[in-house]
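Down below is the structure, laid out as structure tokens.
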Amino acid sequence: MKSPVKVAIVGASGYSGEELVRLLLQHPHAELTTVTSRQQAGQPLAKVFPKFASHQRAQSLRFADPNVDSIAQQAEVVFLALPHGVAAEFAVPLLQHGCRVIDLSADFRLRNAATYQEFYAHEHPAPELLTKAVYGLPEYYREEIKSAKLIASPGCYPTSILLPILPLLREGIIKPNGIIADSLSGVSGAGRKADVDYLFAECNESARAYGFPKHRHLSEIEQELSKVAGTTVTIQFTPHLIPVNRGILTTLYLAPAKHFNNAVEMKALGEQITACYKTAYAHEPFVRLLDDQSLPDTKNVTGTNCIEIAWRLDARTGRLIVLSAEDNIVKGASGQAVQSFNILCGFPETSGLI
């Protein structure tokens, strides 16, 4: 596509939508033409988000009601920052109009309509598109993203789990069974909504598990792990809410395919793990491998499209422990979607993200 590419954000008033606005206003190859929100329709963008008031484009943009025909006339690529079930209602007609669609909801992440119904408790609104959508994890689907018409951007938790595990699973370094994932997420992961559970007084000085033991994101996590492993993978996943605005810290407990019984075997396995990660991610602009004594920390990735990954072998338990940290709204949502946009349009992958 020629630069600049005209883009629209449907559902621009939520946290992911707001982050898309920030990234696309400053993007050197994108022209933000349309922002929609039923709640904010008619309001100037700069009034709803004063932080963007100094940007010339933000001064002229107003939120509009989401009208497919109008969006399609003004944009070549459309970002959908909508709840699951709602996004598909816009994706179908936008694709028919010839737009490229990047969906941040869960509507097109799964390849099986029955799995979608199991985890999201309603029938899929457009099952015919499930096999046509590309899972928007750039580090693994870069070639498919280049020619995609519909990109399903991954969830925040899946990104924090898949990127650390996939290389190890692909190389047979870990067993595909017995995987345990514990994740801690900031409150923004729940979205911008009025809900008692997410009020300041309820979240502050509090940490709690939720969505346990069958969180919706398990469906796409297990789908992608199973694809790489060549067998059905079932994991134990527990998400937790912690009193920070944004960020996800994930700890993974993995079983090495080969036991290490002494220091020599432990060293050899450690070298294999290091080599595996470097082969997978040494040239990835947004994957930061911590190969010294430092550990992933959400404060180091907040506001960035980077994910930090570190690992340790535990001689006492025989387990491999891998940790990751990311910004749930950037690498876990809007930033990753813009990364896919760059690949789709043939721009440098880091455009607008560094």
| note | Expressed in angstrom and rounded, the centroid-to-centroid distance over alpha carbons for the range 340-354 and the range 112-145 is 22 Å
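When the chain is fully extended, how far beyond the present Cα-Cα distance does Tyr253 get from Arg57, taking 0.36 nm per residue of separation?
Working: separation 196, 0.36 × 196 = 70.56 nm, distance 4.67 nm.
That works out to 65.9 nm of additional length.
With an 8 Å cut-off on Cα pairs and a minimum separation of 6 or more residues, tell me the relative contact order of the range 80-166 in percent.
Working: 122 pairs, mean separation 26.2, N = 87.
Rounded, it is 30 percent for the range 80-166.
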| message | Could you tell me the relative contact order of the range 197-326? Use alpha-carbon pairs under 8 Å, at least six residues apart, and round to a whole percent. | response | 25 percent
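Percent of alpha carbon pairs in the range 5-132 separated by more than 20 Å? List each step's numbers first, then the result.
On the way: 3502 of 8128 pairs.
So the portion of pairs separated by more than 20 Å is 43 percent.
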| note | Listed by chain and number, the residues whose amide H is under 5 Å from that of Tyr135, excluding neighbours fewer than 5 places away on the same chain and using placed H, are Ala152
| query | Stretch Glu89-Lys6 to full length: gain in nm at 0.36 nm per residue minus the Cα-Cα span? | reply | 27.7 nm
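Which of the pairs Lys51/Lys331; Lys227/Lys331; Lys149/Lys331 have their Cα atoms more than 27 Å apart in this structure?
On the way: Lys51/Lys331 21 Å; Lys227/Lys331 22 Å; Lys149/Lys331 21 Å.
Table pairs above 27 Å Cα-Cα: there are none.
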| request: Using the structure shown, select from Lys175/Lys299; Lys132/Lys278; Lys175/Lys214 the pairs with a Cα to Cα distance greater than 25 angstrom. | output: Lys175/Lys299; Lys132/Lys278
| For the chain, with equal point scatterers placed on the C-alpha atoms only and solvent neglected, what are the log10 I(q)/I(0) values from the Debye formula at q = 0.10 1/Å, to two decimals? | -0.60
| task | For the range 5-132, give the magnitude of the charge dipole about the Cα centre (Cβ charges: +1 Lys/Arg, -1 Asp/Glu; no others), in debye to the nearest 20. | result | 480 debye
| Inter-part distance where the range 163-179 and the range 217-264 are each reduced to a Cα centre, Å | 8 Å
| Under a 5 Å amide H to amide H cut-off, with H placed in plane at 1.01 Å, what residues pair with Asn328 once short-range neighbours are removed? | Gly247, Ile248
| task | State the answer as a single residue: which of Asn342, Gly332, Gln59 lies farthest towards the positive end of the charge dipole of the chain, with beta carbon charges of +1 for Lys and Arg and -1 for Asp and Glu, about the Cα centre. | result | Gln59
| note | Per the rule of 0.36 nm per residue minus the C-alpha distance, extending Ala209 to Thr317 adds in nm 36.4 nm
| query | Which percent of Cα pairs goes in each bin when the distances of the range 157-328 are cut into 10 angstrom slices starting at zero? | reply | 10, 37, 35, 15, 3, 0
| remark: Diffing the range 245-257: the Karplus 3J(HN,Hα) column from phi (6.51, -1.76, 1.60, θ = phi - 60°), in whole Hz with x for Gly and Pro, holds 6, 8, x, 10, 10, 10, 10, 10, 10, 10, 9, x, 5
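Values quoted throughout were computed directly from the atomic coordinates according to the rules given, and no laboratory measurement underlies them. Only a predicted model underlies this, so the values are computations on that prediction, with no experimental measurement involved. Ideal geometry is used to build each Cβ from the backbone, glycine not excepted, and the neighbour counts take in all protein chains shown.
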